[in-house]
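The values are calculated or read from the model by the stated rules, or taken from the named source; none is laboratory data. Just so you know, these numbers come straight off a predicted model, no measurement behind them. Cβ coordinates were reconstructed from backbone atoms using ideal geometry, including for glycine residues, and neighbour counts include every protein chain displayed.
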Amino acid sequence: MGEMGEMGSVYEQYYTGGCAKTEEEEAASSEEDSSSFRGSGVCKWFNVRMGFGFLSMTHREGICLDSPVDVFVHQSKLHMEGFRSLKEGEAVEFTFKRSSKGLESLRVTGTGGAPCVGSEKKPKGTQKRRSKGDRCPIKIVLSSDIVRLFIYQKISFLNVTGL
């Protein structure tokens, strides 16, 4: 039985092109196969900090549309290396599906299936939130003479005597 199991796996590897797909790949390919469509157009806008934006679809299944249609895009759907983003106006080809929220991209590439170019903009590094006391960029060090003068002026202003 051990040999039969091995033969089965060799058979699968030979006829499926190497190794079996992961659950994610299987879900993605079945998701693309059922009720998915092909489109092309340009990136309408993309927020690099938030990691999402919209594509302006001008062609659906190779047919030119009368007016562009918006398709949601998330950075996880972009086919490219490194930091994933899109440049405004970048030409793209994509598969998409209809969802309860509208049209959503499933996989986005550059023209001819090439990797996306991406935006030159990169998100700013995570900034440590400062407390209210730390917000002033200039630190003022007061000498004791200045403190006395300040207190005297405050007391005089309030019309209090006795210093």
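Quick notes on this one:
- Flag if GLY82 is in the same structural domain as GLY112 (by TED's automatic domain parsing) and at pLDDT 95 or above: no
- Selection count where residues are basic (Lys, Arg) and at pLDDT 95 or above, scope segment 20-48: 2
- Failed criterion for CYS116 (all others in (1) under 13 Å from the mean Cα position of the chain (by Cα); (2) buried (at least 19 other Cβ atoms within 10 Å of the Cβ); (3) in a loop (DSSP other than H, G, I, E, B) hold): (1)
- For LEU55, the criteria (1) over 16 Å from ALA114 (Cα atoms); (2) surrounded by fewer than 16 Cβ atoms within 10 Å (Cβ to Cβ) hold in every case but one, which is (2).
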